[in-house]
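Please treat every number below as a calculation from the coordinates, not as lab data. Remember, predicted model here, so these are calculated numbers, not experimental data. Note that each Cβ is placed from the backbone with ideal geometry, even for glycine, and that neighbours are counted across all protein chains shown.
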Amino acid sequence: MVKTVEKMDDKQRFKLKKFVKELAKYRGRGTELVSVYVPADYDLNKITTHVAQEQGTATNIKSKQTRDNVINALEKIIQHLKLYQRTPPHGLVVFAGNVAEREGQQDYQVWSMEPPLPLKQRLYRCDKEFILDPLKEMLDDDDCFGLVAMDRREATIAVLKGKAIIPLSSTESMVPGKFRAGGQSSVRFARNRELAAKDFYDKVAMLMKDNFFEMKELKGIIIGGPGPTKYEFVDGNHITQQLKDKIIGIKDLSYTDQFGLQELLEKSQDILAEEAVVGEKKIVTKFFETLAKTPGKVAYGKNECLKQLSMGTVDMFLVSDVVEEEIIDEIMKEAEMYSSNVSIISTETREGSQLRDIGGYAAILRYDAGEGY
């Protein structure tokens, strides 16, 4: 089984991405921009004491401008930390510095946030830029799953990275068909067929090892295909034990090519129930099903969706990830006022492409607008 870990929702991911983007644009003239990371469950008083000590050490900086900027930035952080009685559950990040555009001017700013995922790293650093790598890693921390669609004729290997199926390898077998050639005994034909199948299974297992073995972010492997082949492959002595231990599901399929990978993903929703890709597919599918059955309970198109949102009638607002960040930010703020949900839909999925093709905006309403409420 795959260990359950905390996940960011769309709103948290969007806010973190915006926060990182905002801070990434600042540059100091010296090593004067201060970054402080407080891990979850770490004593905040110790951090405050450490920052105060660094403030004393900063008096030794030779450059007066850099010295003043560091000391003042540290004072901003000390005062800001006093706003917290204890470390937030996921930890805390605080950034401060003089971000004035012109040299000689002063514009001391401080930013902070509780990360959406538990922070494991303690860090203090003065640099020419804010240290953002730990936060960027949270944004990149998508679960990764191996996918194998196979029968005795062919096998296709891919990885599910975040929301995208990325094909990696494919191979065809030399297993003869079910009907033997004339002059060949049925026993010998069956034996040769089984030997060819074994060779093919070994080849697929080697491709899995080549593609998956060094993939540290791999959370699990799902194997599918028509008939009993997939079980013969998994139960036989073909797959290295480290990868066999990562197999979390075996599914019946009709195909083994690119369609097979899509089918495998769709049939693995019980396994990937926590994955964003499955959640997005369900939301978009629900929208189109509602559109077909109860068209008065949905809206699509930018103007109509924004109108419904401002009226407080939206239950779920769907917006494509190709929409400008500033517009998504406004949608988030408006939705919060009316307790509406927002889902940012990736165009990497088939359903996400459908949403993009109808304009990138859709909404599932709280009631049927055609009923005259």
In the stretch 213-246, anything buried (at least 18 other Cβ atoms within 10 Å of the Cβ) and under 22 Å from residue 153 (Cα atoms) is listed as 221, 222, 223, 224, 225, 229, 230, 233, 238, 239
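Tell me, yes or no, whether the stretch 277-291 has at least one residue that is of a type in the set (Asp, Glu), surrounded by 14 or more Cβ atoms within 10 Å (Cβ to Cβ) and within 27 Å of the chain's Cα centre (by Cα).
Checked against the condition, which is being of a type in the set (Asp, Glu), surrounded by 14 or more Cβ atoms within 10 Å (Cβ to Cβ) and within 27 Å of the chain's Cα centre (by Cα), the stretch 277-291 yields at least one hit.
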Tell me whether the stretch 131-144 contains one or more residues that are within 30 Å of residue 212 (Cα to Cα), hydrophobic (A, V, I, L, M, F, W, C) and touching a strand residue (DSSP E or B) at 6+ places or on another chain (Cβ under 6 Å). yes
Here are 313, 347: which of them is more than 17 Å from residue 358 (Cβ to Cβ) and touching a strand residue (DSSP E or B) at 6+ places or on another chain (Cβ under 8 Å)? 313
Run down 285, 256, 290 and say which single residue is outside any helix (DSSP H, G or I) and either among the β-branched types (Val, Ile, Thr) or touching a Leu at 6+ places or on another chain (Cβ under 6 Å) (or both). 256
Matching option when the condition is on the phi < 0 side of the Ramachandran plot and without any contact (Cβ under 8 Å) to a residue 60 or more places away in the chain, among 262, 241, 258: 241
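Here is a yes/no grid of residues against (1) in contact (Cβ under 8 Å) with a residue 60 or more places away in the chain; (2) closer than 30 Å to residue 320 by Cα; (3) under 26 Å from the mean Cα position of the chain (by Cα):
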{"residue": "24", "(1), (2), (3)": "yes, yes, yes"}
{"residue": "41", "(1), (2), (3)": "no, no, yes"}
{"residue": "45", "(1), (2), (3)": "no, no, no"}
{"residue": "72", "(1), (2), (3)": "no, no, no"}
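Among 114, 137, which is without any contact (Cβ under 8 Å) to a residue 60 or more places away in the chain and in contact with a Leu (Cβ under 7 Å, 6 or more places away or on another chain)?
114
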